[in-house]
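See below for the structure under consideration.
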Amino acid sequence: MIFSRNALWSSRRAFRFCLILLVSLAAGCTRYARRADLVIVNGPEPESLDPAIITGQADGRIALTLFEGLTRYNPTDATPLPGLAERWDISPDGRTYTFYIRTKAVWSTGEPITAHDFVYSWRRVLDPLTGADYAGQLYYVKGAEDYNTGKHKDPGQIGVSAVNDKTLRVELVDPTPFFLDLCAFQTLAPVPRNVIEKHGDRWLMAKPLPVTGAYTLVSWRINDRVRLQKNPLYWDAANTHCEVVDLIPCTVATTALNLYETGQADIVWDKELVPVELLDKLQKRPDFHTYNYLGSYFYRYNLNRKPFDDVRVRKAMALAVDKKRLVEKITRAGEQVASHLVPPGVANYKSPEGLGYDPDLARKLLKEAGYEGGKGFPRVDYMFNSVKTHEKIAVELQEMWARELGIQIELRNLEWKVFLQAQSRLEFGLSRSSWIGDYNDPNTFLDMFMSNNGNNRTGWKNQRYDELIRQANSKFDPNEREKTLQKAEILLVREEVPIVPLFFYVGQELYDTARFSGIYPNIRAEHPIRTIRVHKQPLEQTSLTGKLAANDHAR
Amino acid sequence: MYFLRRLLFLVPLALIISFLAFAFVRLMPGGPFDRERAAPSPEVRKAMEAKYLLDKPLLVQYWHYLEGLLKGDLGPSMKYRNHTVNDIVLQGLPISLTLGLSAFLFALGVGIPLGFFTAVYKGRWPDYTGSFVALLFFCVPALVIGPVLIMFFAIKLGWFPVALWGSPLHVILPTVTLGIYFSGRIARLMREGMMTTLNAEFVTTARAKGLNETAVLLKHAFRLGVLPVVSYSGPLLADLLTGSFVVESIFQIPGIGVFLVNSLFSRDHTMTVGLVLLYAVLLLVLNLIVDLVYTIIDPRIRYE
């Protein structure tokens, strides 16, 4: 067949037109003139950057970079260091804190940061209308819980007051050994009153946005990136290293790894963003880091349902689980098996041992409970949310219980929100669960199983347990407090067993220590961006990073 | 007149769709404020539900929503609490439009010639090869083709970035990933359309008049042969322009495709309804345009 020149020419013209159209369309999306000094793959798109209302860790990392509180995290071990407060006094009974705010501390727009900013911000967190899911972080302050739960409407009754512009007094219900840790948490950071009152929910889009932290917000394009720029007015700006930082939202592990491998990103710091299939390979690399993390994986029993009202059944099922198999075959990132709930390495505490793996004892207990060889055991379900790892663990547990005890369990795979609703309404037999600590103290794990805690979700109510937790938190002596908390945990994981811990999470991150310093593994997986330094010339590994760590620690 | 009537008909249709979407998302179990961490007090939860009117009867909620809609306001997002649905659509839609239009042009640019030639060379080797290629395009899902393209062109050869958005180079791989399936479909539609037309009497007449083959194919047969592709283009374009969950996820592209799916999972009701409405209006308008294009291409078609 022969085509006329004319027709060919016109089709060429059409092709060229399409090409021009494409290129011009694409050119329309060029936005970032330069690559940031540091690009971090951060995890899911932040639901918010308002420190008072956020709950996600990815959100918190950005919020803390923008809004610093009275204390700030030490990059090496995430313990609290002086932040906007240069020092503080603690009363002999441990119940009154007086913070002295730095004279150098100013908002990024130049106004001084005062004690009144803190009073406003904490009252805002506690106001039910703010909808702060983390308001509980302030319940240690006198009058705070009653205000948040609507028992009184007077914010003046909350135990936080400005003695003068630079002095803040806080009165606590109990001596709270982790209160300085809480002060570094984003919920307690000061926020700009004028801007919030002017712009309402959209206050973070205000230009300029006054912040107190090491970086200011340049742009926040949803699902694209958050761009930060060094705040020259930050009190410690001399030790903030990177000028421009991009935080990229990403939820697909392979995409995160691709970005990292091709140099489009420098750091991947979310454990969910490491492809499990590649763990064997990654673990051999020097730029892959794993470490103990403040998180536990466990399952809950529903004690309102038979046969889980019988402690022998709960213990029998716990003893029949070979936890080692779960971490070696499924999770595979070096997780430690758990017999207790509070992760190892937590501050102020060492956990007592809980139940181990003992199938013989398990069968004996089940027989005592009247279900020898699983005979007559009611149909129960194990509920989990649709995530591959949870599913694999569920299948493994199902198999273990069938093999060791002759019990048949039904697996129930639920979509996330349906799962949460079923869990809080106690519509399950067994439920997959996990918990990430909110502060570095055993209480963040143990207080959730108090009878009236909204996170209990087991139907287990134990007065002695409640009493022990309350007693422990009113004690000033750390040793006595630890002993009391241990008694409570023994009740939880050895004697009453409303939950069965399976393993402790590990932090998993990708970054090259030869090119980046100032980032250290720690139990909170808190890596302040201000201390991260980029080296054009790769570093001699151990000696220099060690020195930098020592310097950061000194500050 | 006909088109004016159809344009007017759009309004009640969009209203019905928005109401159905509004009612259905609220029937789902679980709500936007069911979280792993329980709200610290029932008062906090109540305050949140009151803020987004979730404590009001459905019709009252919908009435408030309509009031906003009249002013062009799709409401606040219940998940991204510092953003309104408008904010997110305004940021994401241009990106989804760019990607969708590129993929659309790619699909047409590949599919139409492929279908055309396979029809013209029917029963000979170019037909078999071309049809096989079209079938291949048609069968391999984006979930497979995307990573393969990334692996080869971005990681091995380093020609394109592996993900993200921001320069013309970022557009190429997602365009191919998104468009390739549709190019296969278009090729098949085009081939069928051409084959039917080539057997028609007017083509025989044209040939009998002594017109050269190029003129017969391009001037006479093509015009009618392309009609099935045109009618498919309307819904296809609506589909592509509103973004793709898979492609946007693989390439981490900040479009609105991911939001439609994720908003359902997070029970971000206002976001779901807003995006469904956007999609519906786009689909209705594009179908109308397709019908208009028909009358231009095929003079035998008239609407009363």
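The values are calculated or read from the model by the stated rules, or taken from the named source; none is laboratory data. All values derive from a computational prediction rather than experimental measurement. Positions of Cβ are backbone-derived with ideal geometry, glycine not excepted, and every protein chain shown enters the neighbour counts.
Within region B:28-70, can you find the residues that are in contact with a helix residue (DSSP H, G or I) (Cβ under 7 Å, 6 or more places away or on another chain), facing another protein chain (nearest Cβ under 7 Å), of a type in the set (D, E, K, R) and not in a helix (DSSP H, G or I)? The answer is B:34, B:35, B:36. The criterion of at least 1 residues that are closer than 24 Å to residue A:396 by Cα and not small (Gly, Ala, Ser) is met by the following helices (runs of 4 or more DSSP H) wholly inside region A:247-324: A:279-282, A:311-319. Being away from chain A (no Cβ under 12 Å), of a type in the set (Val, Ile, Thr) and either surrounded by fewer than 22 Cβ atoms within 10 Å (Cβ to Cβ) or farther than 30 Å from residue A:224 by Cβ (or both): is that true of residue B:177 here? So residue B:177 does not fit the description; no. In region A:42-55, of all residues being closer than 17 Å to residue A:529 by Cα and more than 9 Å from every other protein chain (Cβ to nearest Cβ), the one that is surrounded by the most Cβ atoms within 10 Å (Cβ to Cβ) corresponds to A:51. Here is a check on your reading of the model: is residue A:470 under 22 Å from residue A:181 (Cβ atoms) and either touching a Phe, Trp or Tyr at 6+ places or on another chain (Cβ under 7 Å) or of a type outside the set (A, V, I, L, M) (or both)? It is true that residue A:470 is under 22 Å from residue A:181 (Cβ atoms) and either touching a Phe, Trp or Tyr at 6+ places or on another chain (Cβ under 7 Å) or of a type outside the set (A, V, I, L, M) (or both).
Of the candidates B:143, B:164, the single residue that is more than 21 Å from residue B:112 (Cβ to Cβ), within 14 Å of another protein chain (Cβ to nearest Cβ) and outside any helix (DSSP H, G or I) is B:164. One residue stands out in region B:95-105 among those that are facing chain A (nearest Cβ under 8 Å) and in contact with a Gly (Cβ under 9 Å, 6 or more places away or on another chain): the one that is nearest to residue A:224 (Cα to Cα), namely B:95. Taking the criterion of being closer than 30 Å to residue A:251 by Cα, surrounded by 16 or more Cβ atoms within 10 Å (Cβ to Cβ) and of a type outside the set (Ser, Thr, Tyr), the residues of region A:366-391 that qualify are A:381, A:383, A:384, A:385, A:390, A:391. Within region B:49-72, residues that are under 23 Å from residue A:128 (Cβ atoms) reach no partner that is of a type in the set (Phe, Trp, Tyr) and surrounded by fewer than 16 Cβ atoms within 10 Å (Cβ to Cβ) with beta carbons closer than 8 Å at six or more positions or on different chains. Being part of a loop (DSSP other than H, G, I, E, B) and either more than 25 Å from residue A:272 (Cβ to Cβ) or touching a residue at least 60 places away in the same chain (Cβ under 8 Å) (or both) is true of residue A:441. If we keep just the residues of region A:386-407 that are at pLDDT 95 or above and not in a helix (DSSP H, G or I), which is nearest to the other protein chains (Cβ to nearest Cβ)? Only one residue tops the list, namely A:407. Any residue at all in region A:128-150 that's within 19 Å of residue A:194 (Cα to Cα), not charged (D, E, K, R) and not in a loop (DSSP other than H, G, I, E, B)? Yes, that holds for at least one residue. Criterion first (within 23 Å of the chain's Cα centre (by Cα) and within 14 Å of chain A (Cβ to nearest Cβ)) does residue B:119 satisfy it? The answer is no for residue B:119. Within region A:212-224, residues that are within 14 Å of chain B (Cβ to nearest Cβ) and in a loop (DSSP other than H, G, I, E, B) sit with their Cβ atoms under 7 Å from residues that are of a type in the set (A, V, I, L, M) and crowded, with 21+ Cβ neighbours inside 10 Å, at 6+ positions apart or across chains, in these pairs: A:222/B:88; A:223/B:258. Select from region B:110-123 the residues that are part of a helix (DSSP H, G or I) and in contact (Cβ under 8 Å) with a residue 12 or more places away in the chain and list them in ascending order. Of everything in region B:110-123, those that are part of a helix (DSSP H, G or I) and in contact (Cβ under 8 Å) with a residue 12 or more places away in the chain turn out to be B:110, B:111, B:112, B:114, B:115, B:116, B:117, B:118, B:119, B:120. Whether a residue is closer than 19 Å to residue A:199 by Cβ and in contact (Cβ under 8 Å) with a residue 40 or more places away in the chain was assessed, and residue B:80 passes this test. Selection over region B:225-270 of residues that are over 18 Å from residue A:44 (Cα atoms), within 12 Å of chain A (Cβ to nearest Cβ) and not in a helix (DSSP H, G or I) gives a count of 1. Taking region B:76-89 as the range and being more than 7 Å from chain A (Cβ to nearest Cβ) and not in a helix (DSSP H, G or I) as the test, the residues that pass are B:77, B:78, B:84.
Would you be able to say whether some residue in region A:50-58 is within 24 Å of residue B:38 (Cβ to Cβ) and not in a loop (DSSP other than H, G, I, E, B)? Checked region A:50-58: at least one residue is within 24 Å of residue B:38 (Cβ to Cβ) and not in a loop (DSSP other than H, G, I, E, B).
Taking the conditions (1) in contact with a Phe, Trp or Tyr (Cβ under 8 Å, 6 or more places away or on another chain); (2) away from chain B (no Cβ under 14 Å); (3) surrounded by fewer than 22 Cβ atoms within 10 Å (Cβ to Cβ); (4) not basic (Lys, Arg) in turn, residue A:485 satisfies each one other than (3). Exactly one residue out of A:477, A:447, A:441 is more than 14 Å from chain B (Cβ to nearest Cβ), acidic (Asp, Glu), crowded, with 16+ Cβ neighbours inside 10 Å and over 28 Å from residue A:362 (Cα atoms): that is A:441. Take residue A:481 and decide whether it is under 21 Å from residue A:315 (Cα atoms) and at pLDDT 95 or above. No: the conditions fail for residue A:481. Residue B:73 meets the conditions (1) within 10 Å of chain A (Cβ to nearest Cβ); (2) under 30 Å from residue B:244 (Cβ atoms); (3) outside any helix (DSSP H, G or I) in every case but one. The failed one is (1). Checked against the criteria, residue B:129 does not count as in a helix (DSSP H, G or I), more than 9 Å from chain A (Cβ to nearest Cβ), in contact with a Lys or Arg (Cβ under 7 Å, 6 or more places away or on another chain) and more than 21 Å from residue A:248 (Cα to Cα).
Inspection of region A:353-360 identifies at least one residue that is surrounded by fewer than 17 Cβ atoms within 10 Å (Cβ to Cβ), touching a His at 6+ places or on another chain (Cβ under 7 Å) and assigned to a loop (DSSP other than H, G, I, E, B). Taking residue B:92, is it under 30 Å from residue B:237 (Cα atoms), among the small types (Gly, Ala, Ser) and either in contact with a Gly (Cβ under 9 Å, 6 or more places away or on another chain) or in a helix (DSSP H, G or I) (or both)? Here the answer is yes, as residue B:92 does meet what is asked. Which residue is farthest from residue A:283 (Cα to Cα), if the candidates are limited to region A:450-507 and must be in contact (Cβ under 8 Å) with a residue 24 or more places away in the chain and hydroxyl-bearing (Ser, Thr, Tyr)? Here the residue is A:474. Would you mind telling me which numbered condition in (1) within 14 Å of chain B (Cβ to nearest Cβ); (2) of a type outside the set (A, V, I, L, M); (3) surrounded by 20 or more Cβ atoms within 10 Å (Cβ to Cβ) residue A:176 fails? With respect to (1) within 14 Å of chain B (Cβ to nearest Cβ); (2) of a type outside the set (A, V, I, L, M); (3) surrounded by 20 or more Cβ atoms within 10 Å (Cβ to Cβ), residue A:176 is out only on (1).
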